[in-house]
Amino acid sequence: MKRKIKDVKAMEILDSRGNPTVRAIVTLDNGIRAAASCPSGASTGEHEAVELRDGDKNRYGGKGVLKAVAGVNERLASHLIGRDPAHQAEIDSLMIQLDGTPNKGKLGANAILSVSMAVARGIQEKTANAVLIKLNQIGTVTETMEAIALCRKAGWGFVVSHRSGETEDAFIADFTVAMGGGQIKTGSACRSERIAKYNRLLEIEAELGKAAIFENPFQRGGIF
């Protein structure tokens, strides 16, 4: 039976460094409600997707995300309501088109990624040999999956990573298992936003039972 997105909302919350970030809440017509929060990184790359910040020095030193929140509530929501959440690639592509910039600077990667993650929660040259995958540097779940597919095609390994400005959202734990990465970078076993990921991995193992298999990535044809 097809499900449809009934409502999409966003709000401003604080990450582990006390900086604002975006949380998106997606509600389906069957009552399922999923929320996801966008992490934020201190290190940025030249081609990294851009977080939209308010720039108002009177709020959080200009780091507020009310503009990104408004982008979700006033721009993205109306285009997503009524769509099938199972069509993740279609939804991500639509949000990219609505943004219309190469780095997601208009609506903000923090807005787009939080919605993309929430939707995924509602359904269930040889100079290197591995890459560190950071969702918010890419911008959507679909694009991140495409990046991982490119890694596999090139024979590279990959590690799914958290960011320094994290929340207790454990999506990357589910994502790492779903992608078969074998490795996750989510910090030391302290602080609730880090422990949440490890606890989710333990939950996944318990849910899978005997079907749970861990493959050592270091033994995959010596690619590491």
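Taking label positions 7 Å along the Cα-Cβ direction at both residue 4 and residue 154, the computed distance is 4.2 nm, reported to one decimal. 5 Å is the cut-off here: which amide hydrogens, built 1.01 Å from N in the peptide plane, fall below it relative to residue 10, excluding neighbours closer than 5 in sequence? Counting only residues 5 or more places away or on other chains, the set is 25, 73.
Nearest 0.05, what FRET efficiency do residue 73 and residue 192 give at R0 = 35 Å with Cβ-Cβ as r? Before the final figure, lay out the partial values.
Values: r = 28 Å, r/R0 = 0.79.
It comes out at approximately 0.80.
Report summary: the helix-based calculation at 222 nm, which adds -39500 (n - 2.57) for every DSSP H run with n ≥ 4 and divides by the residues of the chain, gives -10500 deg cm²/dmol. Solvent exposure of the chain amounts to 51 Å² per residue of accessible area, where only protein heavy atoms count and the probe is 1.4 Å. Of the residues 181, 98, 19, the one whose Cα sits farthest towards the positive end of the charge dipole of the chain is 19 (charges of +1 on Lys and Arg Cβ, -1 on Asp and Glu Cβ, taken about the Cα centre). The GluC sites (Glu not before Pro) of segment 1-100 that DSSP puts in a loop, and whose beta carbon has at most 12 other beta carbons within 10 Å, are 46. Remark on residue 157: its backbone amide H falls under 5 Å from those of 130, 131, a criterion applied only to residues 5 or more positions apart or on other chains, H modelled at 1.01 Å from N. Equivalent-ellipsoid semi-axes for the chain (Cα gyration tensor, √(5λ), whole Å, largest first): 27, 21, 18.
A simple count of charges around residue 85, restricted to other residues whose Cβ falls under 14 Å of its Cβ and scoring Lys, Arg +1 and Asp, Glu -1, yields +2. Put the Cα centre of segment 134-163 next to the Cα centre of segment 2-76 and the gap is 21 Å. Here the chain exposes an accessible surface that is 54 percent carbon and sulfur, computed with a 1.4 Å probe and the other protein chains kept in place. Taking label positions 7 Å along the Cα-Cβ direction at both residue 56 and residue 205, the computed distance is 4.6 nm, reported to one decimal.
The values are calculated or read from the model by the stated rules, or taken from the named source; none is laboratory data. Note that the structure is predicted; figures quoted are calculated from it, not measured. All Cβ positions, even for glycine, are placed from backbone atoms using ideal geometry, and neighbour counts span all protein chains on display. Each accessible area value is taken on the protein alone, full model and side chains, heavy atoms only, with ligands, DNA and RNA left out. Shrake-Rupley method; radii C 1.70, N 1.55, O 1.52, S 1.80 Å.
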